Amino acid sequence: MGTAPAPDPSGLRASHHRDLKPALQTTYKAELKPDSLAFALLGAATAVVQVRGGTALPQALTGVFGAQEATAQGRGAIQDIAYRAMRQLGRSDALVAAMAPKAPEPLVTALLACALPLMQADAAGVTPYEAFTVVDQAVTAAGSHPDTVRAKGMVNALLRRFLRERDTLLAEVGLQPVARYNYPQWWIDAAITAYPQEWQRILAAGDAAPPLTLRVNARKGSVDDYLAMLAEAGIGARQVGPFAVRLDKPVGVHAIPGFDAGLVSVQDAGAQLAAPLLDLQDGMRVLDACAAPGGKTCHMLELADVQVTALDADPRRLARVGENLERLGLSATLQAAEAQARGWWDGAGFDRILADVPCTASGIVRRHPDIRWLRRKADTIQLATLSAEILDNLWQMLRPNGKLLFVTCSLWPQESEAQAAAFAVRNRATRLDAPGQLLPVGAAEQDHDGLFYALFQKDA
């Protein structure tokens, strides 16, 4: 007799696993009104199903916008629905599994994952659409695509059942950790292990929609001056860091007063700590490793007249650094190369090095909710190994008495504190005061992602 398979900790039946799903048509252009909820639902579902296949959500959305020729309004609706879906994907998967005896096709599952969050109140107690409108438009969306047309009846039946049995179904799936917290089980386990007293708060913070935080350009004005400008424009905001201003309600970047003129940049308050920690002095030679998209590069140049080399392995992402520098009227040397390599280096030492190394990005999931579904447990060790190689390589490029700031947007100790401690021992580096691990927090006076900072000095 064979051995029965072990129960799946996700709570899903075998037929509901994504590995069993066939390919689908992600570039099909449905005949839907471009300003309709059905159009937005189908576009968001197409992006979600691509995330299931390993594509990052921003890249998936870019493809959808182009394929569907979406208007600005349509792009905004698609993006909003897709991000909501990512934040509630664990619960939506569990709800579909509880209601459907057999797993729907991939795009059908994704469509349901986009519709179900719209039928539940958000953190503010607001339901974005009338529930019956969501049902009607989801069915319309299903009927417009060849991969979903045969499932119109199923979509209608499942969403109507959810309306009838919402409280019971939510209570039932809420017993499953993946559905309750909306993270993979390995991620939940890692949070419990690393932060036994705070793990629930940390997971909840990652499920919240992020604020729009700005960095005031110190070369062009003060925080007080900029807050006055916002007030005059009727935009509510408050200071949440030395250079950080958080808007009460997000707006498009080009609607931000002074953005196009370089008065401010978009950057999380926690990320704005990096440049001041480097203690920059005019004339210093500085390396920003893994620099894209360039927020920290620009901040350094706003604080001091330094010679910055912005290094990144991806030429396309490095181009974004150049765009940000141009908008702010700043300049730096852009270098496309891998930070663990040495062939690009001219041999002249740097006075300061900012090493914002690759990681699982577990501290910024509120901004990138797809990360939790794209990452795998093994990624933590693999990325920590690469980061150690990068740090050791960059240390050789630092001048005596120079400082290296190690930054990561991870919550996992293997990528942060354990990495910093091992680096100090390997390189006999003197560790200076720095914030260490910042856990994600969203509060009235303090609002930032989860980051880690460790500062080292090379003794002469």
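The values are calculated or read from the model by the stated rules, or taken from the named source; none is laboratory data. Computed from a predicted structure; not experimentally measured. Positions of Cβ are backbone-derived with ideal geometry, glycine not excepted, and every protein chain shown enters the neighbour counts. Just the protein is used for accessible areas: all its heavy atoms, side chains included, with ligands, DNA and RNA removed. Shrake-Rupley method; radii C 1.70, N 1.55, O 1.52, S 1.80 Å.
Loop-located GluC sites (Glu not before Pro) across the stretch 280-357 with a Cβ neighbour count of 11 or fewer within 10 Å are lacking, with loop assigned by DSSP.
The stretch 119-160 and the stretch 215-266 have Cα centres separated by 38 Å.
Projecting the Cα atoms of Ala332, His368, Trp344 onto the charge dipole of the stretch 332-374, computed from C-beta unit charges around the Cα centre, puts His368 farthest toward the positive end.
Computed about the Cα centre, the dipole magnitude for the chain is approximately 1040 debye when only Lys and Arg (+1) and Asp and Glu (-1) carry charge, each at its Cβ. Is the shape of the stretch 367-460 rounded, prolate or oblate, going by the alpha carbon gyration tensor and its root eigenvalues a ≥ b ≥ c, with a/c under 1.5 for rounded and a/b larger than b/c for prolate? Verdict is oblate for the stretch 367-460.
Which of the pairs Lys29/Lys152; Lys220/Lys458; Lys296/Lys403; Lys152/Lys249 have their Cα atoms more than 26 Å apart in this structure?
On the way: Lys29/Lys152 18 Å; Lys220/Lys458 34 Å; Lys296/Lys403 16 Å; Lys152/Lys249 37 Å.
In this structure, Lys220/Lys458; Lys152/Lys249 lie more than 26 Å apart at Cα.
Taking the alpha-carbon distance from Lys377 and a cut-off under 26 Å, which lysines remain once sequence neighbours fewer than 8 residues away in the same chain are dropped? List returned: Lys21. Pull out a ≥ b ≥ c, the square roots of the eigenvalues of the alpha-carbon gyration tensor of the chain, then state rounded if a/c is under 1.5, prolate if not and a/b is larger than b/c, and oblate in the remaining case. Prolate, since a/c reaches 1.5 and a/b exceeds b/c. Put +1 on the Cβ of every Lys and Arg and -1 on every Asp and Glu Cβ in the stretch 202-272; which of Gly270, Ala218, Gly206 then has its Cα farthest towards the positive end of the dipole? The one lying farthest along the dipole's positive direction is Ala218.
Within the accessible area of the chain, the carbon and sulfur atoms contribute 52%, probe 1.4 Å, all protein chains present.
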